[in-house]
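Q: If you scroll down you'll find the structure; I have some questions about it.
The values are calculated or read from the model by the stated rules, or taken from the named source; none is laboratory data. In this text, all values refer to a predicted model and were calculated from it rather than measured experimentally. So basically every Cβ, Gly included, is an ideal-geometry build from the backbone, and we count neighbours across all protein chains shown. Surface areas here come from the heavy atoms of the whole protein model, side chains and all, with no ligands, DNA or RNA. Shrake-Rupley method; radii C 1.70, N 1.55, O 1.52, S 1.80 Å.
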Amino acid sequence: MELNTMKPKRLFTFGCSFTKYRLNTWANIVAKKMNVKEFYNFGVAGACNMFIGTRFSQALKFYEIDKDDLVMICWTDIDRESSMLNGMWRVKGGRVGNAWNYDNREYTEDDKSFYSQRDAMIIQSTYDTLKYHGIPFEMFSMTNLKKSMTPKIAVLYHDTLSNLKPAMIDVLGEGPYEHGDVHPNLRQHLYYLQETFGLTSTNEIDEFIDKHKDDTDPPWLRKRDSFDYDWFDDVDNRPSENAEFDKGDN
């Protein structure tokens, strides 16, 4: 897919904190590059792949995403979990302290098998849904899913996993990164897009990065650690006419 020339009607992005965080991410750069009028970033820090897949399925129905839109999904690591409490999502993050440690993880082989089967199914179902509806999309991941998953599942789903673009940490290297955070900064997000998608930067993107490179708490960041089950009834998820470039972030 040629991201340099695409002009989608709307951009929908999904993922964990590598997609939406207190710092801007690759999603903001892509929205700026494409100059989209509507940008919906459904990334949530600590999200598991079940949460990401659920958010995509709901957005597909609610916004009636179609062939004139673009969907980009950055899947997260397989060890993450979420739950519901009083009608609210509780995203719990990962069970391992170091997402780059693929071999010595703090859970059993049964856990690894469960996470592998669950997340491979979610990724495959999402992939098939997008293909079926003819919706332009790109998928990649925070970590290398073939290394995270059990060998049997990695082999069984090899065709689909191979269609994912390289993992972000495989391209950027192991964190923490230069600003002392375990998340990439905007320049590193741009580097990932350049190396993976051949994205060319512009003066506008460079100015945007220079303006936001020292952000610590962007104004659109939500001040809560749980998320409504019925998010589609929450007006905060709709694009803001006044928000500069970050409109649509929830």
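Q: Can you pull out every residue in segment 1-33 that is under 17 Å from Asp66 (Cα atoms) and modelled with pLDDT of 90 or more?
A: Met6, Lys7, Pro8, Lys9, Arg10, Leu11, Phe12, Thr13, Phe14
Q: Of everything in segment 1-38, what is among the basic types (Lys, Arg) and either in contact with a Gly (Cβ under 6 Å, 6 or more places away or on another chain) or not in a loop (DSSP other than H, G, I, E, B) (or both)? Give them in sequence order. So that I can check it myself, show each step before the final result.
A: First pass over segment 1-38, keeping only residues among the basic types (Lys, Arg): 7, 9-10, 20, 22, 32-33, 37.
Listed by number, the residues that qualify are Arg10, Lys20, Lys32, Lys33.
Q: Would you check which residues across segment 61-70 are touching a helix residue (DSSP H, G or I) at 6+ places or on another chain (Cβ under 7 Å) and not in a loop (DSSP other than H, G, I, E, B) and list them?
A: Phe62
Q: Considering every residue within segment 51-59, establish whether at least one is aliphatic (A, V, I, L, M) and in a loop (DSSP other than H, G, I, E, B).
A: No: zero hits.
Q: Looking at (1) polar (S, T, N, Q); (2) modelled with pLDDT under 95; (3) over 17 Å from Gly43 (Cβ atoms), find the lone condition where Thr143 falls short.
A: (3)
Q: Criterion first (closer than 28 Å to Arg22 by Cα, open to solvent by 60 Å² or more (accessible area, probe 1.4 Å) and at pLDDT 95 or above) does Thr196 satisfy it? Give the derivation first.
A: Working: closer than 28 Å to Arg22 by Cα: yes; open to solvent by 60 Å² or more (accessible area, probe 1.4 Å): no; at pLDDT 95 or above: yes.
Judged against the criteria, Thr196 is not a match.
Q: Quick one: Ile65 ticks every box in (1) surrounded by 21 or more Cβ atoms within 10 Å (Cβ to Cβ); (2) under 21 Å from Asn144 (Cα atoms) except a single one, so which number is it?
A: Unmet for Ile65, out of (1) surrounded by 21 or more Cβ atoms within 10 Å (Cβ to Cβ); (2) under 21 Å from Asn144 (Cα atoms): (2).
Q: Can we say Met50 is over 21 Å from Lys165 (Cα atoms), open to solvent by 20 Å² or more (accessible area, probe 1.4 Å) and among the hydrophobic types (A, V, I, L, M, F, W, C)?
A: Criteria not met by Met50.
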